[in-house]
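Visitor: A single structure is presented below for examination.
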Amino acid sequence: QVQLVESGGGLVQAGGSLRVSCAASGSIFGIVAMGWHRQAPGKEREVVARIFSSGTTYYADSVKGRFTISRDNAKSIVSLQMNSLKPEDTAIYYCYMNVKTLVYWGQGTQVTVSS
């Protein structure tokens, strides 16, 4: 079993920055990828960024150039640095981890960007 605990998030004005982090614990051998999804009110959950075991990263077009995903393998932490935030980035951000064939989710952390 894997547990994911998120931290960070909060309220920021447009143009500002926030960082969210996710710490994993438990049986975390065989990680394929880690990353972040988000879900805004009334919308479906969407992928924001991913980092694969090879170090390859993927970003949604809407966040390219503004968000940076990173990981600390020693501490099993994945972070998302979010710069130049826009009101449309407002959502609950969920950490996820793909371990072999299983996917685990964090509880979510709210990010609110005011205009």
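Visitor: Could you identify the single residue in Gly16, Gly35 that is touching a residue at least 40 places away in the same chain (Cβ under 8 Å), surrounded by 13 or more Cβ atoms within 10 Å (Cβ to Cβ) and part of a strand (DSSP E or B)?
Guide: Working: Gly16 fails: part of a strand (DSSP E or B).
Testing whether each residue is touching a residue at least 40 places away in the same chain (Cβ under 8 Å), surrounded by 13 or more Cβ atoms within 10 Å (Cβ to Cβ) and part of a strand (DSSP E or B) leaves just Gly35.
Visitor: Restrict the check to the range 58-69 and report whether at least one residue is crowded, with 19+ Cβ neighbours inside 10 Å, out of contact with any Phe, Trp or Tyr (no Cβ under 9 Å at 6 or more places or on another chain) and touching a residue at least 40 places away in the same chain (Cβ under 8 Å).
Guide: Checked against the condition, which is being crowded, with 19+ Cβ neighbours inside 10 Å, out of contact with any Phe, Trp or Tyr (no Cβ under 9 Å at 6 or more places or on another chain) and touching a residue at least 40 places away in the same chain (Cβ under 8 Å), the range 58-69 yields no hits at all.
Visitor: Let me ask another. Would you pick out the residues in the range 80-100 that are open to solvent by less than 10 Å² (accessible area, probe 1.4 Å) and closer than 14 Å to Gly8 by Cα?
Guide: Leu80, Met82, Ala91, Tyr93, Cys95
Visitor: Here is a list of conditions, (1) within 17 Å of Glu88 (Cβ to Cβ); (2) over 11 Å from the mean Cα position of the chain (by Cα); (3) modelled with pLDDT under 95, and Gln13 meets all of them except one; can you say which number that is?
Guide: (3)
Visitor: Return the pairs, sorted by first residue and then second, in which the second residue is open to solvent by 60 Å² or more (accessible area, probe 1.4 Å) and outside any helix (DSSP H, G or I), the first residue lies in the range 80-103 and is at pLDDT 95 or above and β-branched (Val, Ile, Thr), the beta carbons are less than 7 Å apart, and the residues are 6+ apart or on different chains.
Guide: Ile92/Gln39; Ile92/Gln110
Visitor: I need a count of the residues in the range 40-80 that are among the polar types (S, T, N, Q), more than 11 Å from the chain's Cα centre (by Cα) and closer than 18 Å to Leu18 by Cβ.
Guide: From the range 40-80, those among the polar types (S, T, N, Q) are 53-54, 56-57, 62, 68, 70, 73, 76, 79; that's our starting set.
Restricting the remaining residues to those that are more than 11 Å from the chain's Cα centre (by Cα) gives 53-54, 56-57, 62, 73, 76.
Applying the additional criterion that residues be closer than 18 Å to Leu18 by Cβ yields 62.
Qualifying residue count, the range 40-80: 1.
Visitor: To continue, here is another question. Go through the range 39-90 and tell me which strands (runs of 3 or more DSSP E), entirely inside it, have 2 or more residues that are in contact with a His (Cβ under 7 Å, 6 or more places away or on another chain). Show your work before the answer.
Guide: Values: elements: 46-52, 57-59, 67-72, 77-82.
In the range 39-90, the matching strands (runs of 3 or more DSSP E) lie at 46-52.
Visitor: Another question, if that's okay. Working only within the range 101-115, note down all residues that are in a strand (DSSP E or B) and buried (at least 17 other Cβ atoms within 10 Å of the Cβ). It would help to see each step written out before you state the result.
Guide: Here is the first cut: in the range 101-115, the residues in a strand (DSSP E or B) are 102-105, 109-114.
Those that are in a strand (DSSP E or B) and buried (at least 17 other Cβ atoms within 10 Å of the Cβ): Tyr104, Thr109, Val111, Val113.
The values are calculated or read from the model by the stated rules, or taken from the named source; none is laboratory data. Because the structure is a prediction, the values reported are computed rather than measured. As a convention, Cβ positions derive from the backbone with ideal geometry for all residues, glycine included, and neighbour counts pool all protein chains shown. The protein model used for the area step is the full one, side chains on, heavy atoms only, and it has no ligands, DNA or RNA in it. Shrake-Rupley method; radii C 1.70, N 1.55, O 1.52, S 1.80 Å.
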